[in-house]
Amino acid sequence: MTMSTAAASASATAANLEQRRMPFWKRNQRRLAPALFLAPGALMFLVYVILPIFESIWISFYQWDGLSEMTWIGLSNYTELLGDPAFYTSLWNNVLWLVLYLLAIPAGLMIAIFLNQNVIGIRVYKSLFFFPFVISQVVVGLIFSWFYAPNIGLFPQITDALGLGKIAVLADARFVTYGIIAAGLWPQIAYCMILYLTGLNNVSPEQVEAGRLDNAKGWRMLWYVILPQLRPATFIAMVVTVIGALRSFDLVSIMTDGGPYGTSRVLSFYMYEQALSEYGYRMGYGAAIAVVLFLIMMLFITGFIWRMVITEREG
């Protein structure tokens, strides 16, 4: 027994000596390889996301036109925001975007359930529903601008046929924000649909069969069996939809340029208008708007992540 132990000890010592003679990379390859694969992405995230966030916060405490010398003004930009009617209009429009944009999640789920069937022509239906996702937001904005156009658009013709008169959606302060949100929902529903189609492919057939044996059908099957397995897809759809609703710059810029009379502005567009357009060149004020938008976005995303963590722990 003693000889066996001594032999094992000598073998281990020889193995350790041999490992020490190996090059550093050979000895630490398994530990270093994941870090090296992550390093380029982490570096880009640091340079293009984290640093600009802190730089925006820093600029928000200055008065600066982007060219001349920066002047420290402390919290004056944030104080001005509190008394700016255009800021509150933009904030309210972002709230509308956020509330109505969330309709894309249940709509995408319903379409995904419909498309997750083996029926004749289902590939054609999938292609039609997938189409809005692959086209540019610029194209979406132009399509809906033509759709709403008072003289040539289809929508005014429909409202006129219903006896409501020709409604110029993009020229009417009462309807303009809702019209732009409808344009944004078209590709967003397609995106949520794709997420849920992917999630439905991973639904456990055993759990579905067990639900059928327990006489679960229709809404009961969806609520108690399908939806719990779609939590990851729902989380991603929620985060992406909230971010899209709070950004919502491109459609506003393309369809109305913030009009009529600034009633369709959102925070991202107002930030651009103040910081980079010919109306402003107020980099500090624009940065303050960006910081407020970032805090709102982080509030929602942190809430979603916290709720998901609690749900996973309880599960």
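Since every read-out is calculated from the coordinates, none of them should be taken as a lab result. Remember, it's a predicted structure, so these values are computed and weren't measured experimentally. Quick reminder, even Gly has a Cβ in these numbers, built from the backbone with ideal geometry, and neighbours come from all protein chains shown.
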>> Testing the spin-label approximation: label points 7 Å from Cα along Cα→Cβ at V239 and V95. State their distance in nm.
In response: 2.7 nm
> If you build a Gaussian network model of the chain, linking Cα atoms that sit under 10 Å apart, which residue out of L195, L227, L162 swings the most?
Replying inline: L162
>> Give the aspartates and glutamates whose C-alpha is closer than 20 Å to that of K26, dropping any in the same chain fewer than 8 places away, or say none.
In response: E18
>> Apply the a/c threshold of 1.5 to the C-alpha gyration tensor of region 25-115 and tell me whether it is rounded, prolate or oblate.
In response: oblate
> Rounded if a/c is under 1.5, else prolate if a/b is larger than b/c, else oblate: which is region 50-203, with a ≥ b ≥ c the root eigenvalues of its Cα gyration tensor?
Replying inline: oblate
> Which one is right for this structure if log10 I(q)/I(0) by the Debye sum over Cα atoms at q = 0.07, 0.11, 0.14 Å⁻¹ is calculated from it: (1) -0.46, -0.90, -1.19; (2) -0.50, -0.82, -1.07; (3) -0.53, -0.80, -1.07?
Replying inline: (1)
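Subtract the Cα-Cα distance of E314 and D257 from 0.36 nm times their separation in residues, and report this length gain in nm to one decimal.
15.8 nm
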>> Please compute the modelled spin-label separation between L164 and R30, points set 7 Å along Cα→Cβ, answer in nm with one decimal.
In response: 6.6 nm
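At a threshold of 8 angstrom on Cα-Cα distance, excluding pairs fewer than six apart, so keeping six or more, what relative contact order does the chain reach in percent?
On the way: 312 pairs, mean separation 79.4, N = 315.
Answer for the chain is 25 percent.
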>> Could you work out how much longer the chain between F300 and V203 gets when fully extended? Use 0.36 nm per residue separation minus the Cα distance between them, nm to one decimal.
In response: 32.2 nm
>> Within the chain, which whole H helices from DSSP have a Cα span along their axis of at least 20 Å and a mean Kyte-Doolittle hydropathy of 0.5 or more, if any?
In response: 85-101, 176-201, 231-247, 283-314
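What does the helix-only formula give at 222 nm for the chain: each DSSP H stretch with n ≥ 4 adding -39500 (n - 2.57), the total divided by the residues, and the result rounded to the nearest 500 deg cm²/dmol?
Mean residue ellipticity at 222 nm (helix-derived): -23000 deg cm²/dmol.
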